[in-house]
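Colleague: My questions will all concern the structure given below.
The values are calculated or read from the model by the stated rules, or taken from the named source; none is laboratory data. What you are looking at is a predicted structure, and each value in this text was computed from that prediction instead of being measured. With ideal geometry, Cβ positions are generated from the backbone for all residues, glycine too; neighbour counts draw on all protein chains shown.
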Amino acid sequence: MTETLEAGTVIVGAGPAGIAAACGLGEAGEDVLIVDEGPRSGGQIWRHRPGSGPPKAAQAWLARLSATQVRVRHNLTVVDARPDGTLLGESEAGPVEIRGSRVILATGARELFLPFPGWTLPGVIGVGAAQALVKSGAELRNLEVVLAGSGPLLLPVASLLASQGARVGLIGEQAPLGEVLGFGAGLWRAPGKILEAMRYRSRSLGARYQTGVWAVAAHGDDRVREVVLTDGRRTWTRRCDLLCCSYGLVPNVELARWLGCEIDNGRVVTDEVQQTNQAGFFCVGETTGIGGAELSLVEGEIAAAHISGLAEALPPLEKRRALWRRFSKSLEKAFRPRRELAERVQPETTICRCEDVTCENLDPEWCIRQAKLYTRLGMGPCQGRVCGPAVHYLYGWASDSVRPPLKPCRLATLSER
């Protein structure tokens, strides 16, 4: 039997953006429902272990949310949407229909993985994945860890791993030193970020921090045993039990795309109040572009203020949003993946893990549709979430479509479409 949930405003995603929107709407007396596929509110960035308290940055927001009448449904994944805007979800109990007069999409982002020889070995994971594992209770004590990726997430993850007893030997940032220094110099507008970075670095002083360094290959047997690194001039090998290697984040736009929202350069397009081109559908947070928790929070607040009719609250919020959007642009510029990362790929390098498609199976002259037809690239369980951004980076192939189910689900749930 299909469960039905209804609310004045439905929010998809209980990360910072969704929580901020829910707090604003709930405090204004609106009827609000949040649905999230995770077991607890907070999203990836505010993930915390069962039985442990949430991160300090999340505590005040989660307290505000608890003080409202907002309903929250965890462990509920949205897998489809009907033409009338009704969302179809799946819970442990079965299919769920979700209806709202308005829908706020706060579906966040996922890590960007760029293939290289050995990246499919057990023990090679994303930087954010390592953070999630620790926050979920994984034991990494005494493991030799190398972080070789890009972006500000490297420092807090290195700090977290070191605090859990892992031996973090190297933090390799692929961005050139000049770009990293330029990004740091621009943080005078957000001094809290400087203090935050200094705090994280102080907790991982045992690890060497190098810019302009990236992983060329990973070697091992039943798991990763060593990583080959380069700075473009010389190459060396370092032993590791865990290699954390990813290159920032990619907005989760599949649901927005399926609903007909305009997508530009991989992110959802919104107006000044976070509304998409589809009437009644708003989008907030990393889905509109990668900018961190601060930008996600203020975008959620803006959408809530508009929906609640609190026009007087918008000007100061818009000013804050402008500040964090400038931060977002400098973040993107400083840590964009260098082209040398594409040179690591060998003919036998796996590009699509789900369908075992290697580089030699692909022709750069194709488009994404040809690659799907000839090789099934992007047609496995992850539906191109990993290989899609990778082939866009390698060959310039842009995603051409999205089809339900948006996440793997039971056949019984699909029968309710």
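Colleague: Does region 225-236 contain any residue that is at pLDDT 95 or above and in contact with an Asp or Glu (Cβ under 6 Å, 6 or more places away or on another chain)?
Modeller: Within region 225-236 (the criterion being at pLDDT 95 or above and in contact with an Asp or Glu (Cβ under 6 Å, 6 or more places away or on another chain)), the answer is no, since none of the residues qualifies.
Colleague: Follow-up. Among all residue pairs at least 6 apart or on different chains, which show Cβ distances below 8 Å where the first residue, located in region 2-17, is closer than 19 Å to Ala28 by Cβ and assigned by TED's automatic domain parsing to the domain that holds Arg321 and the second is of a type in the set (Ser, Thr, Tyr) and assigned to a loop (DSSP other than H, G, I, E, B)?
Modeller: That search, which allows pairs on different chains as well, returns Ala14/Ser41.
Colleague: Residue by residue through region 18-41, note down the ones that are under 20 Å from Leu310 (Cβ atoms) and in a loop (DSSP other than H, G, I, E, B).
Modeller: Correct list: Ala28, Gly29, Glu30, Asp31.
Colleague: Tally time: how many residues in region 144-159 are surrounded by fewer than 18 Cβ atoms within 10 Å (Cβ to Cβ) and hydrophobic (A, V, I, L, M, F, W, C)?
Modeller: Residues that pass the stated criteria total 0.
Colleague: I would also like to ask the following. Scanning for something over 26 Å from Val180 (Cα atoms) and free of Cβ contacts under 8 Å to residues at least 40 places away in the same chain, does region 283-298 turn up at least one residue?
Modeller: There is no residue in region 283-298 that is over 26 Å from Val180 (Cα atoms) and free of Cβ contacts under 8 Å to residues at least 40 places away in the same chain.
Colleague: When you go through (1) within 19 Å of Val12 (Cβ to Cβ); (2) outside any strand (DSSP E or B) one by one for Val250, which number turns out not to apply?
Modeller: If we test Val250 against (1) within 19 Å of Val12 (Cβ to Cβ); (2) outside any strand (DSSP E or B), just (2) comes out false.
Colleague: Oh, and also: Can you find even one residue in region 34-57 that is free of Cβ contacts under 8 Å to residues at least 40 places away in the same chain, surrounded by 20 or more Cβ atoms within 10 Å (Cβ to Cβ) and among the β-branched types (Val, Ile, Thr)?
Modeller: yes
Colleague: Further, regarding this structure: Return the residues of region 171-193 that are within 26 Å of Arg233 (Cβ to Cβ) and part of a helix (DSSP H, G or I); say none if nothing qualifies.
Modeller: If the condition is that a residue be within 26 Å of Arg233 (Cβ to Cβ) and part of a helix (DSSP H, G or I), then Leu177, Gly178, Glu179, Val180, Leu181, Gly182, Phe183, Gly184, Ala185 are the ones that fit.
Colleague: Same structure, new question: Output the strands (runs of 3 or more DSSP E) that fall wholly within region 194-245 and possess 3 or more residues being free of Cβ contacts under 8 Å to residues at least 60 places away in the same chain and surrounded by 14 or more Cβ atoms within 10 Å (Cβ to Cβ), or say none.
Modeller: 208-211, 224-230
Colleague: Right, here's the next one. Restricting attention to region 92-128, which residues are modelled with pLDDT under 95, surrounded by fewer than 18 Cβ atoms within 10 Å (Cβ to Cβ) and either within 11 Å of the chain's Cα centre (by Cα) or not acidic (Asp, Glu) (or both)?
Modeller: Those that are modelled with pLDDT under 95, surrounded by fewer than 18 Cβ atoms within 10 Å (Cβ to Cβ) and either within 11 Å of the chain's Cα centre (by Cα) or not acidic (Asp, Glu) (or both): Ala93, Gly94.
Colleague: Starting from residues that are under 25 Å from the mean Cα position of the chain (by Cα), β-branched (Val, Ile, Thr) and within 14 Å of Cys352 (Cα to Cα), keep the ones in region 363-409 and report whichever is surrounded by the most Cβ atoms within 10 Å (Cβ to Cβ).
Modeller: Val391
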